[in-house]
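Inspection log for the structure reproduced underneath, given as structure tokens.
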Amino acid sequence: YTLSLHDALPIYRTVGRVTGPADLVHTAERDAAMRAGGERLHMAVRIVEADYSAEAGCRAARRLLAGTPAPTAIVFDNDVMAVAAEADLLRAGVGVPGDVSLLACDDSALCELAVPPLSVLSIDVHEHGVTLGRAVVDVLSGSASRDYAGPPIRILRRASTGPAPA
């Protein structure tokens, strides 16, 4: 990922990440990118593994917030965990984004319908599919191996993110 944490989460000093299963390649890549970005920006990054379910997202967010120092922003690997955790935190009296900002790695209608609507990392899924299709056709036709640049990932800021609390 080429996303800059500085662009996504300005002025945060401790950021949490709720992942999917650690044995998935994209989970390891996202973990490495978060750690590298955190190191570059002098941010603490705390990572908790989950399984993409709503219940696991809630447990992971509570675990992160119980740590010291508690993160002031949490990034979730999918929309289901993020939406469930947001509702759970709000029921527990945690302010979103007043106490903690939340961001999901999947954009979906669920994120737009959440209250408050969730900020997300967004990718043009059609273009992503076209790029993957080209790669598959090239492999099947025996073309030389090469890297394929995917579409850019952008941040859609909605109401679940705000300035880091003082």
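The values are calculated or read from the model by the stated rules, or taken from the named source; none is laboratory data. Remember, predicted model here, so these are calculated numbers, not experimental data. A quick note on method: Cβ atoms are made from the backbone with ideal geometry, for glycine too, and the neighbour counts reach across all protein chains shown. These accessible areas exclude ligands, DNA and RNA; they are computed on the full protein's heavy atoms, side chains included. Shrake-Rupley method; radii C 1.70, N 1.55, O 1.52, S 1.80 Å.
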Rounded accessible area per residue of the chain, 1.4 Å, Å²: 54 Å²
Check: segment 16-166 dipole with +1 on Lys, Arg Cβ and -1 on Asp, Glu Cβ, in debye: 440 debye
The chain, helix-only ellipticity at 222 nm - DSSP H runs n ≥ 4, -39,500 (n - 2.57), divided by all residues, nearest 500: -12500 deg cm²/dmol
Compactness of the chain as Cα Rg over 2.2 N^0.38 Å, two decimals: 1.08
Projected label distance in nm at Ser145 and Val125, using a 7 Å step from Cα toward the beta-carbon: 3.0 nm
Electrostatic dipole magnitude of segment 26-114 [Cβ: Lys, Arg +1; Asp, Glu -1; Cα centre; debye, to 20]: 440 debye
Exposed trypsin sites (Lys or Arg not before Pro) absent: longest stretch of the chain, with sites in DSSP loops and at most 16 other Cβ within 10 Å deemed exposed: 14-145
Estimated inter-spin distance, Leu156 and Arg13, nm [label 7 Å along Cα→Cβ]: 3.3 nm
Positive-end extreme of charge dipole, segment 23-166 - chosen from Pro151, Leu89, Val130 (charges on Cβ): Leu89
Within the accessible area of segment 60-113 (1.4 Å probe), percent carbon and sulfur: 56 percent
Other-chain or far-sequence residues with amide H under 5 Å of Ala73's (modelled H): Gly16, Ser101
Computed over segment 27-166: relative contact order in percent, which uses C-alpha pairs under 8 Å that are six or more apart: 21 percent
³J(HN,Hα) computed for each position of segment 93-101 - Karplus, 6.51 cos²θ - 1.76 cosθ + 1.60, integer Hz, glycine/proline x: x, 7, x, 10, x, x, 9, 8, 8
At least 20 Å along the helix axis (C-alpha) and Kyte average at least -0.5, DSSP helices within the chain: 125-140
Most positive-pole-ward Cα, Val80, Thr68, Leu113, against dipole of the chain from beta carbon charges: Thr68
